[in-house]
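Asks: Starting off with a structure, shown below.
Every number in this text was worked out from the coordinates using simple rules, so none of it is lab data. What you see is a predicted model; the values in this text were computed from it and never measured. We place every Cβ from the backbone using ideal geometry, glycine too, and count neighbours over all the protein chains shown.
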Amino acid sequence: MQNTQEFVLKIENLDFGYTKEKPLYSNFSLALRRGEIVSVIGASGSGKSTLFELISGNLRPQKGSISAGKISWVFQDPYSSFHPSYTLYDQIADVASMEGADELSREVGIEMSLLQKLPHELSGGQLQRCSIMRALLMRPDLILCDEPTSALDNIIQLDVMRLIVRFLDRAGVLLITHDMDLARWSSDTVISLDDTKKGVR
């Protein structure tokens, strides 16, 4: 899919590994524009989560460069991504402006009254919609989605991914998933870390 909008993530000639004998990335490059989804798939230990840590700045490349716009996250387990003792509204307001929250809540299918509840009072699907709402209210350039549907049942998985796709005019999305069918359905580009560390296939 051709897209002339600006890049929200550029990775150029990345080298990284926890040991010199077994690098996770060697001369790895990736470019992602606003309005695109790039999916990263691979077995456990292939470097998917490490890539997100590098993009977030929690780890530093051993070689190469990473340039990213403002980042927000949607995590794998919606229950562990919220503190159990505070209302969802307070937790979202702690990290994002609530301007436009009423309209966005309708778009993501969450009643504003639900935000006054504690996380355990919502279903997994409802809570993941709150996670997406939080991510969007942070006005990011890039949303990092770490297995955002794996803790949900099949029907809710599709609903959540359709919701993420719906908001692509606002950000670019980098998606970690084990689900190749989901990656192919939703993504402009799929990168398999099992096959290559050389860049986008």
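Asks: Write out the chymotrypsin sites (Phe, Trp or Tyr not before Pro) in region 10-56 meeting two conditions: DSSP loop, and at most 11 other Cβ atoms within 10 Å of their Cβ.
Replies: Within region 10-56, the qualifying chymotrypsin sites (Phe, Trp or Tyr not before Pro) (loop, at most 11 other Cβ atoms within 10 Å) are Y18.
Asks: A follow-up question, please. Convert each backbone phi in region 181-193 into a coupling constant with the Karplus relation 6.51 cos²θ - 1.76 cosθ + 1.60 (shift: θ = phi - 60°), then list the ³J(HN,Hα) values in order as whole Hz, x for Gly and Pro.
Replies: 4, 5, 4, 5, 5, 9, 10, 7, 9, 10, 10, 9, 6
Asks: Near the amide H of K63, under 5 Å away, which other amide H atoms are found, from residues 5 or more places off or on another chain, if H is placed in the peptide plane?
Replies: D15
Asks: In the chain, what % of DSSP beta bridges are antiparallel (nearest 5)?
Replies: 40
Asks: The list (1) 49, 42, 26; (2) 46, 37, 24; (3) 52, 35, 31 gives values of Cα extents along the principal axes in Å, and only one came from this structure; which label was calculated from it?
Replies: Label (3) holds the value from this structure.
Asks: How far apart, in nm, are the 7 Å Cα→Cβ label points at Y86 and S113?
Replies: Once both label points are built, they end up 2.5 nm from each other.
Asks: Take a quick pass over region 9-104 and tell me how many lysine pairs come in under 23 angstrom between Cα atoms, counting only ones 8 or more apart or on separate chains.
Replies: 9
Asks: What's the FRET efficiency of E103 with Q62 using the Cβ-Cβ distance as r and R₀ = 41 Å, to the nearest 0.05?
Replies: E between E103 and Q62, to the nearest 0.05, is 0.40.
Asks: Name the shape class, rounded, prolate or oblate, that the alpha-carbon gyration tensor gives for region 45-99, where a ≥ b ≥ c are the square roots of its eigenvalues, rounded holds for a/c under 1.5, and otherwise prolate holds if a/b is larger than b/c and oblate otherwise.
Replies: It comes out oblate by the Cα gyration axes.
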